[in-house]
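Everything on this sheet refers to the single structure shown next.
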Amino acid sequence: MRTSKKTEKGAVPAAPIAPAAWELAVIDVFVRGAAMFGLRKSVGMVFGALYCSREPLSAQELQAKLQLSRGAVVEALQLLRRLGAARVHLKIGDRRDYFAAETDLKNFVRGFLKEVLEPALEKAELRLVQAKTAASADAGGNASGASDADFASSRVASLSAWKSRFGELIPLLDGFLSRKEK
């Protein structure tokens, strides 16, 4: 059972509640997964702790358990909520929010596609158009203009092709996630 002491900001755990060995292993899986997608380590740690918990946890409990700063925990929880990976649980009589992991990882992946990958691809498209325009403009004022323009255009075209391929993955992944499990 958790003990707490009253402070000016409310009840906080009296001592850090260290994760069990199995929890540390699961948290590590999510930390490595977060890193694969370019997310902060704290996002993986917070999601892992929520995933391993039987009960919803408050930001203060996560902070104590994971030995993270308040800012890191709050930022991670905000992102996890946007991604659909964490949901808020209210407890009657307690002003704090409590959080639980969305254990259906399909929702997490869908949230990542919608909140991270799609906007990144849209920004990449804008930057590639700018790069193509700039490469053409730079060729006009340079003595070796044609060869530089050809080189730049080929590099931008290659990136554009990769961006298109990634764009084609999103509907495929969404379809894959929509399939019913047997």
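Quick check on my filter: what residues within segment 91-117 are modelled with pLDDT of 85 or more and under 23 Å from residue 44 (Cα atoms)?
96, 97, 98, 99, 100, 101, 102, 103
Taking into account only those residues within segment 82-108 that are in a strand (DSSP E or B) and among the charged types (D, E, K, R), which is farthest from the chain's Cα centre (by Cα)?
Out of the qualifying residues, it is 97.
Out of everything in segment 86-107 that is loosely packed, with under 13 Cβ neighbours inside 10 Å and among the aliphatic types (A, V, I, L, M), what residue ends up being farthest from residue 50 (Cα to Cα)?
92
Evaluate segment 68-76: report whether one residue or more is surrounded by 22 or more Cβ atoms within 10 Å (Cβ to Cβ) and touching a strand residue (DSSP E or B) at 6+ places or on another chain (Cβ under 8 Å). Give the steps one after another, and end with the answer.
In the first step, residues of segment 68-76 are kept if they are surrounded by 22 or more Cβ atoms within 10 Å (Cβ to Cβ); the result is 73, 76.
With the extra rule that they be touching a strand residue (DSSP E or B) at 6+ places or on another chain (Cβ under 8 Å), the set shrinks to none.
The answer is no; no qualifying residue exists.
Need pairs with beta-carbon distance below 6 Å; first residue closer than 19 Å to residue 76 by Cα and within segment 103-124, second basic (Lys, Arg); sequence gap 6+ or separate chains.
The qualifying pairs are 115/82.
Report the residue count in segment 15-30 for those that are within 16 Å of residue 67 (Cβ to Cβ) and either touching a strand residue (DSSP E or B) at 6+ places or on another chain (Cβ under 8 Å) or surrounded by fewer than 20 Cβ atoms within 10 Å (Cβ to Cβ) (or both).
Adding up the residues that qualify gives 9.
The values are calculated or read from the model by the stated rules, or taken from the named source; none is laboratory data. Bear in mind that the values here come from a model prediction, so they are computed numbers and not experimental data. Counting neighbours? That spans all protein chains shown, and the Cβs are built from the backbone with ideal geometry, glycine included.
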